[in-house]
Each structure stands twice: as C-alpha cells, then as structure tokens.
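K.L.:
Dropping the structure in here first, questions after.
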Amino acid sequence: MTSLRLTYRPLMLALGLSGLWAGSLPAWADGISVTSKATANGDSRLIDNTILDFSSCRQDHDADRMLLRLHLTRKWDVNSPEGEGHVRLDAFDAKTGTSGTPLYTVEAEGSAAQILPDCLLRIDRGLEDLEWWQINDLASGTLLFETMAEPLIFATLDDDQIRSVRAAGFYVPPDDEADQKLADPHVVGLLTLATDGKIATRLLVTASDPAKATELRSYWDERRYLAVVETGKPGALGAATAEQPLSKRPLSVEVNWAVAGLALRLPIGPAGLKTEGAVIPDGLKVAPW
C-alpha cells in the first residue's frame with residue numbers, strides 16, 4: 001500500500017470535515033471538547049483538528065473509563081490533487097488525563113476518523129480514488145481489519161437476548177501485496193468478521209480462474225459492497241438486525257461485486273461466519289484463513 005499516494009479535492013475535504021463534527025462522537029459520551037485550526041501559506045493549506053472525549057469501552061465499573069484524544073491533520077496544495085493526512089488516537093486513563101502515559105496509540109495515514117458507537121474506531125485511509133478503511137477496537141486499540149468495501153457494522157442477538165456487536169470487512173490485496181498467501185493470483189479477497197472487539201472469522205475467497213480473480217480484485221473497474229441479509233431472502237437489512245435472535249431469524253453476510261453481478265452469502269452463527277449453507281458463485285471458493 002505504501003506506493004499509493006493520498007489525494008483530496010478541497011470540496012471533499014470540506015465535506016469530510018463537516019462529517020467529523022456531526023457524526024464522529026459516540027452517544028454514550030459524557031463530555032466533548034473540540035479544537036480546530038485552518039491555516040494558509042501561499043498555495044499550501046493545513047487543517048488541524050483535535051477531539052477530546054470520554055469512553056466507557058474498557059469499563060467494568062466507572063473507574064475504568066478512558067479519555068480519548070483524536071487528532072487529525074490534512075495538508076494539500078491548491079495547485080495539486082495530491083495531499084497528506086494523518087490520524088492519531090491516544091487513549092488515556094481518565095484519572096490521569098493527557099498528563100499520563102497513553103494506554104495505547106493508533107496512528108495511520110488517512111483523510112478522516114470516527115469514534116463509532118459500540119467501541120470501534122473507523123479510519124478512512126482515503127488514498128487517491130481508492131476506497132480503503134480500517135477498523136480498530138476502541139478498548140485496546142487493536143487493528144481488527146482493513147477493508148476495501150465500506151465497513152459493515154451491525155448487531156445480533158442470541159437466544160438469551162445477549163447483544164453482540166459485529167464488524168465485517170473485505171480486504172482486496174493490491175498488486176504489490178507483501179503477504180505471499182494473499183499475493184497468489186487466484187485470491188479475490190479476505191473476508192473478516194469481528195465480534196465484540198475480537199476476530200471471529202477470517203475467510204479467504206479465491207477464484208479457480210486467475211483472470212476472473214484479477215477482474216474481481218480491480219480497484220478501478222469493480223465495486224464491492226457488504227450487507228446483512230436475511231438468509232434465503234432477497235434484500236439487505238438495515239438497523240433491524242438485532243430485533244430477533246439468530247435462531248429465529250437466520251442472517252447472512254453478503255459480499256456483492258456490483259459490476260460482475262456476483263454475490264457471496266455466508267450464514268452468521270454464534271461463533272462467526274459459517275461455510276455450511278453458504279451461497280457461493282460458480283468458480284469461487286471459500287476457505288478458512
């Protein structure tokens with residue numbers, strides 16, 4: 001990924017900033033502090049934002065709360081489509097605040113970041129025209145997955161009415177992929193499902209025809225989408241995923257390749273995704289990672 005360069009357009013930058021103000025802070029926060037500055041030096045532009053907020057993601061009781069400091073910088077030249085962006089999240093013990101040593105730090109090149117409900121951090125890596133995100137566990141800072149399909153965040157219930165937070169992503173290896181297993185020409189992508197901040201399932205999707213795999217991996221000629229669907233029924237579900245236990249209304253995660261017109265469906269079980277009962281397009285295979 002290091003060969004890709006970060007680019008913006010000023011209008012997109014402004015829209016991204018407004019989204020950061022409006023949607024980045026969790027509903028369970030007790031307090032919000034925001035600082036922002038924008039500067040210009042000749043044709044150079046800089047936006048620097050910092051958000052401070054409390055989090056209960058680690059708490060077994062109130063004493064375990066964290067103070068989060070989310071810092072986002074963006075730099076670009078008005079005469080160039082290229083730009084730079086950096087995201088840094090520092091998590092501190094709420095008792096010491098920012099004067100203490102961070103419990104953890106997450107850093108990445110990116111154009112935007114959001115502290116999501118259910119203790120997840122979403123970073124928009126935003127390189128060139130490439131759609132690329134990463135999801136981190138907010139309790140520990142652990143990277144859960146990178147994804148070239150927009151991250152799918154949803155919840156499910158078990159028979160005891162216990163709610164589990166799910167996050168799904170689909171990683172599509174670039175041409176310069178360093179992992180030899182992912183660099184195999186038959187690979188289409190890696191599907192990950194995280195549950196309550198931990199990896200539950202990783203499944204490698206491959207194609208028997210390398211040319212088909214190349215087509216489905218294309219960043220520019222293909223579009224990939226993730227959705228939760230009711231198993232055996234058409235149409236994607238929205239916020240209604242946790243209305244009934246999985247045993248009463250089985251659900252599946254769907255990976256859709258819009259241009260190729262293909263859809264892969266994997267049933268959701270209590271422990272993660274299942275290959276039993278999966279709907280797999282002809283020519284594709286799914287295997288545990």
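The values are calculated or read from the model by the stated rules, or taken from the named source; none is laboratory data. The structure displayed is predicted, hence computed values, not measured ones. Positions of Cβ are backbone-derived with ideal geometry, glycine not excepted, and every protein chain shown enters the neighbour counts.
K.L.:
State all residues of the range 116-145 that are under 24 Å from Gly83 (Cα atoms) and either acidic (Asp, Glu) or in a loop (DSSP other than H, G, I, E, B) (or both); if no residue qualifies, say none.
P.N.:
Within the range 116-145, Asp124, Arg125, Gly126, Glu128, Asp129, Leu130, Glu131, Trp132 meet the criteria.
K.L.:
Please identify the pairs in which a residue from the range 69-83 that is more than 14 Å from Asn41 (Cβ to Cβ) has its Cβ atom under 6 Å from the Cβ atom of a residue that is surrounded by fewer than 19 Cβ atoms within 10 Å (Cβ to Cβ) and modelled with pLDDT under 80, counting only partners at least 6 apart or on another chain.
P.N.:
These pairs meet every condition: Glu82/Arg5.
K.L.:
Right, something else. Of these, Thr39, Thr35, which one is assigned to a strand (DSSP E or B), of a type in the set (Val, Ile, Thr), modelled with pLDDT under 85 and assigned by TED's automatic domain parsing to the domain that holds Ser80?
P.N.:
Thr35
K.L.:
May I pose another question? State the number of residues belonging to the range 146-159 that are within 11 Å of the chain's Cα centre (by Cα), outside any strand (DSSP E or B) and either more than 16 Å from Ala112 (Cβ to Cβ) or of a type in the set (A, V, I, L, M) (or both).
P.N.:
2
K.L.:
Right, here's the next one. Being closer than 20 Å to Asp53 by Cα and touching a Pro at 6+ places or on another chain (Cβ under 7 Å) is true for just one of Ile115, Ile123. Which residue is that?
P.N.:
Of the residues listed, the single one that is closer than 20 Å to Asp53 by Cα and touching a Pro at 6+ places or on another chain (Cβ under 7 Å) is Ile115.
K.L.:
Any idea how many residues of the range 215-241 are closer than 18 Å to Trp132 by Cα and among the polar types (S, T, N, Q)?
P.N.:
Selection size over the range 215-241: 1.
K.L.:
Of all residues in the range 100-131, which are among the polar types (S, T, N, Q) and touching a residue at least 60 places away in the same chain (Cβ under 8 Å)?
P.N.:
Ser111, Gln114
K.L.:
Sticking with this structure for a sec: Out of (1) at pLDDT 95 or above; (2) over 20 Å from the mean Cα position of the chain (by Cα); (3) of a type in the set (D, E, K, R), the odd one out for Arg217 is which?
P.N.:
Every condition holds for Arg217 apart from (2).
K.L.:
Being in a loop (DSSP other than H, G, I, E, B) and touching a residue at least 24 places away in the same chain (Cβ under 8 Å) is the filter; apply it to the range 244-270 and report the residue that is nearest to Ala200 (Cα to Cα).
P.N.:
Only one residue fits best here, namely Pro270.
K.L.:
On the basis of being in the same structural domain as Gly197 (by TED's automatic domain parsing) and either assigned to a strand (DSSP E or B) or among the aliphatic types (A, V, I, L, M) (or both), does Ala113 make the cut?
P.N.:
Here the answer is no, as Ala113 does not meet what is asked.
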